[in-house]
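The structure appears right after this line, and notes come after that.
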Amino acid sequence: MNRQEALSLMQEHTQSASLRQHMLAVEAAMRSYAGKFGEDPEPWGLVGLLHDFDYEKFPNPEHSPTDGHPAWGVNLLRSKGVAEPVLRAVLGHATYSGVPRDTQMAKALFAVDVRVGASLKEFCGPRGAVGQEEAQRQGIRPRRQPGRGPSGRRRARRAAR
Ligand SMILES: [Fe+2]
C-alpha cells in the first residue's frame, strides 16, 4: 500500500477533522523518527497515517482485543497486503491488544501517539477533547498537564467566590 492509497483509505473511514489531523500529525512525526533511527520512512509513515483509521466507525469502548479498533482495521489492512510489522505496530499501540511493542517502529508509534494527541489539544483550545479522546482510545487515563486547565490564581479566585 502506498501513501496515496493509505490516505484515501483513512479519509474514506474518518470524517472527523481532528482525528484526520491527528493521524497526519502522527505520520509526520513517525517519518521524522524513522530518519533519526536510520529506518525506511515509508512503513513508519503508514503506521502513523493508518493507526486510528477504523476508530471512528469501530471505537471499541469495551477494549476487545479481537473486535473493533484496532483489530478491525488490521484485518482490512492485512487483506490489502500491508506488511506484518506495520500491522503489529498498529495492534501494539492499543494497550489491550495483547500484542507487544517489540520493534522500534511499534515503540515509536506508542510514544508519539499520546504526545501528538496532547499537542493537538492546544489547537482545539483548553477544553479540546483530542488529547483525552486519544488517551481513551488507548485505554490510558489522561493525566492533567501542567499549565493546562485552571491556573492556581484562577482556582483560588474560583474558591473565594
Ligand atoms: Fe492515535
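Starting from 0.36 nm per residue, how many nanometres of slack lie between Lys80 and Lys57 once their C-alpha separation is accounted for?
Here the answer is 6.4 nm.
About the Cα centre of region 29-106, how large is the charge dipole given +1 on each Lys and Arg Cβ and -1 on each Asp and Glu Cβ? Please answer in debye to the nearest 20.
I would put it at about 120 debye.
Could you order the peptides 83-95, 51-63, 30-42 from most to least packed, using the average number of other C-beta atoms within 10 Å per residue?
So the order, starting with the most tightly packed, is 83-95, 51-63, 30-42.
Provide Trp44, Trp72 in ascending order of the number of other Cβ atoms located within 10 Å of each residue's Cβ, fewest first.
Trp72, Trp44
For Lys80, list the aspartates and glutamates whose Cα falls under 17 Å from its own Cα; do not include residues on the same chain fewer than 8 positions away.
Leaving aside aspartates and glutamates fewer than 8 places away in the same chain, those within reach of Lys80 are Glu5, Glu12, Glu42, Asp52, Asp54.
Can you put Val114, Val47 in order, fewest other beta carbons within 10 Å first?
The fewest-first ordering by Cβ neighbours comes to Val114, Val47.
Calculate log10 I(q)/I(0) of region 3-124 for q = 0.16, 0.20 Å⁻¹, where I(q) comes from the Debye formula with a single equal point scatterer on each Cα and nothing for solvent.
Reported log10 I(q)/I(0), two decimals: -0.69, -1.13.
Read-outs: derived from the displayed coordinates by stated rules, not from any lab. What you are looking at is a predicted structure, and each value in this text was computed from that prediction instead of being measured. Counting neighbours? That spans all protein chains shown, and the Cβs are built from the backbone with ideal geometry, glycine included.
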